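K.L.:
Attaching a single structure in structure tokens format; questions to follow.
The values are calculated or read from the model by the stated rules, or taken from the named source; none is laboratory data. In this text the structure is predicted, and so the values were computed from the model without any measurement. As a convention, Cβ positions derive from the backbone with ideal geometry for all residues, glycine included, and neighbour counts pool all protein chains shown.
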There are 2 protein chains.
Amino acid sequence: MNDERPAIPDTDPLTWGTPEGRHMLRLLWDPPTPAGRGPKQKLTLDQVIDAGMAVAAADGVDKLSMRNVAAHLGVGAMSLYTYVPGRDELFELMVDRAWAGRKMPDRSAPWREQVEFHARQAWAMYQTHPWLIRSNLWRMPLGPHVMDAQEDLYRAVTLTGLPNHEVVQVAGLVESHVFGVARSVITDTSVSSNTGITADDYWDSRSSFWGTYYSPERFPTMTAIWESGAFEQSVGDKVEFGLARLLDGVELLIEKLASS
Amino acid sequence: MNDERPAIPDTDPLTWGTPEGRHMLRLLWDPPTPAGRGPKQKLTLDQVIDAGMAVAAADGVDKLSMRNVAAHLGVGAMSLYTYVPGRDELFELMVDRAWAGRKMPDRSAPWREQVEFHARQAWAMYQTHPWLIRSNLWRMPLGPHVMDAQEDLYRAVTLTGLPNHEVVQVAGLVESHVFGVARSVITDTSVSSNTGITADDYWDSRSSFWGTYYSPERFPTMTAIWESGAFEQSVGDKVEFGLARLLDGVELLIEKLASS
DNA sequence: AGCAACTCAGTACGACGTACGGAAAAGAGA
DNA sequence: TCTCTTTTCCGTACGTCGTACTGAGTTGCT
């Protein structure tokens, strides 16, 4: 519990093992251990992470630069490096922090309700932190909050009685579905892209597209769907529909398993 | 058919309407129209796109810079801007080109086979061009090949007889599922991240994680799954399993619709 | 008091996208 | 053929980025 900080066995303290490795894990799992010898820190790790999330929320993830975060905190850019090994690592910490907001389902509920609860929590998370959809592209951080949520999702899916390898599949399917919907929704509505293309510009290009290049003969199905208005639907529906189809399929699998 | 090129009605030729708009659409949908008045071009648009794909394939999408692509072609960096409005636009052209490789299913097959065919084509596409998983983050280009594939997928799903808005959902579900699997697989296996972190380094950090921070008491389900070896499974299985569950759910929906 | 450890931050380097402008090449009209 | 206009190619340069290096100042331990 009260272990001394400086001792990292068998690693050169200069390079801290692989900085992306042990150092990062310590930041994710250990308390930040406020200070050792030198002057008091002006900030805390949490403040840095908060500032990063604030910048990402306000100006978009493309503006998440060390200089911007530092300016938001009123410190020099290089000072951040005493809290965080680098930009990517700061982002990983932000991701784990975002996952911290996910609530866990009631364990006494049937498995399907629990899994649906997880899916809706994931959906809420992507809505609260849209910059997250840029994250899973990089690797998933091995942070405690990410793993807690994942563990509980696996636990819920295990209630189905399916064999382990199918539990993994189903859990991945659920997360992936929510992520997919979030991705399509957010890239449609938000400004999109790092160049300053406003949503208006994008719509202009779309409309000139319909008049100039789109031909109903080439795209008959899309045309029919468009004219029926079926392309516009609430995003909540998108999540729920896919989830329902998916879990229907899982239930079918359970039945098949039970009757064999 | 043989319209003259220079006339872009009611737009200032200096800004070309919104360059991200009309100009981009022309590049995607029109032949590049080799030349007008000045000196012959050293390259073709196709060569530029090919070079971009070569760089992305060889060094990863993070190394896809104008300077790198230009160097790969033996020209100056700024020369590329006579072929392509900018980096993001080059990327969009690359995306549409990747979609061009997708084959269409046999229209006489049952709907489920046709949809499965589309899913497997998408999967093959992500394997051939792993840099694509970085793309859908930005917006989906309104390119002809993207739209052809999408149109045909919609057509196939329409064969289910489901109402239009559910056709849209199902099609999105299929694409999103394949993308999700591709994302998780590729970020696991490939080098990941723009900093030069090798897969070895990543594994080092993982192994030091298991020893230091992971506790089986906190993550009992994951531990059980891990020990059963169920975390390792072929990626092909991942695609097929989710697809089967998903389409089972869709079939159930069709039956419900038919019996009402 | 002296030393060692640590924080903060200025400067600088190499990469990036791309605006600008100039030199050279090619067709069009005289 | 001589010009004029258009277009290509590309060197230079600006602003941004991540971050290595360095050093000055601050704190606690001995």
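K.L.:
Could you list, in sequence order, all residues of the stretch B:201-260 that are more than 10 Å from chain A (Cβ to nearest Cβ) and farther than 19 Å from B:V185 by Cα?
P.N.:
B:G211, B:S215, B:P216, B:E217, B:I254, B:E255, B:L257, B:A258, B:S259, B:S260 - these are the residues of the stretch B:201-260 that are more than 10 Å from chain A (Cβ to nearest Cβ) and farther than 19 Å from B:V185 by Cα.
K.L.:
Of A:V61, A:V69, A:V55, which residue is more than 10 Å from DNA strand C (Cβ to nearest atom) and touching a residue at least 24 places away in the same chain (Cβ under 8 Å)?
P.N.:
Answer to the check: A:V61.
K.L.:
Here is a follow-up. I need every pair where a residue in the stretch A:224-237 that is over 24 Å from A:M125 (Cα atoms) has its Cβ under 8 Å from the Cβ of a residue that is modelled with pLDDT under 95 and exposed (fewer than 13 other Cβ atoms within 10 Å of the Cβ), sequence separation at least 6 or different chains.
P.N.:
A:I225/A:F231
K.L.:
Residues A:A156, A:A119: which one is crowded, with 21+ Cβ neighbours inside 10 Å, more than 11 Å from every other protein chain (Cβ to nearest Cβ) and among the hydrophobic types (A, V, I, L, M, F, W, C)?
P.N.:
That would be A:A119, the only listed residue that is crowded, with 21+ Cβ neighbours inside 10 Å, more than 11 Å from every other protein chain (Cβ to nearest Cβ) and among the hydrophobic types (A, V, I, L, M, F, W, C).
K.L.:
Continuing with this model, one more query. One residue is enough: does the stretch B:179-195 have a residue meeting the conditions more than 9 Å from chain A (Cβ to nearest Cβ), in a helix (DSSP H, G or I), surrounded by fewer than 17 Cβ atoms within 10 Å (Cβ to Cβ) and at pLDDT below 95?
P.N.:
Yes, there is a match, as at least one residue in the stretch B:179-195 is more than 9 Å from chain A (Cβ to nearest Cβ), in a helix (DSSP H, G or I), surrounded by fewer than 17 Cβ atoms within 10 Å (Cβ to Cβ) and at pLDDT below 95.
Condition check ((1) more than 16 Å from DNA strand D (Cβ to nearest atom); (2) in a helix (DSSP H, G or I); (3) of a type outside the set (F, W, Y); (4) in contact with an Asp or Glu (Cβ under 6 Å, 6 or more places away or on another chain)) across all residues:
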residue: B:V84; (1), (2), (3), (4): no, no, yes, no
residue: B:K103; (1), (2), (3), (4): yes, no, yes, no
residue: B:R107; (1), (2), (3), (4): yes, no, yes, no
residue: B:E113; (1), (2), (3), (4): yes, yes, yes, no
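K.L.:
Taking B:R37 as the residue in question, decide whether it is at pLDDT below 75, part of a loop (DSSP other than H, G, I, E, B) and within 14 Å of DNA strand D (Cβ to nearest atom).
P.N.:
no
K.L.:
Here is a further query. For the stretch A:74-82, indicate whether the set of residues that are more than 13 Å from DNA strand D (Cβ to nearest atom), not assigned by TED's automatic domain parsing to the domain that holds A:P130 and not polar (S, T, N, Q) is non-empty. If you could, list the steps in order and put the result at the bottom.
P.N.:
If we filter the stretch A:74-82 for residues that are more than 13 Å from DNA strand D (Cβ to nearest atom), which is where we start, we get A:74.
Narrowing the set further to residues that are not assigned by TED's automatic domain parsing to the domain that holds A:P130 leaves A:74.
From the residues that got through so far, the ones that are not polar (S, T, N, Q) too are A:74.
Yes, because at least one residue in the stretch A:74-82 is more than 13 Å from DNA strand D (Cβ to nearest atom), not assigned by TED's automatic domain parsing to the domain that holds A:P130 and not polar (S, T, N, Q).
K.L.:
Hey, could you check the stretch B:81-95 for residues that are more than 12 Å from chain A (Cβ to nearest Cβ) and surrounded by fewer than 17 Cβ atoms within 10 Å (Cβ to Cβ) and say which is farthest from DNA strand C (Cβ to nearest atom)?
P.N.:
For the stretch B:81-95, the residue satisfying everything is B:T82.
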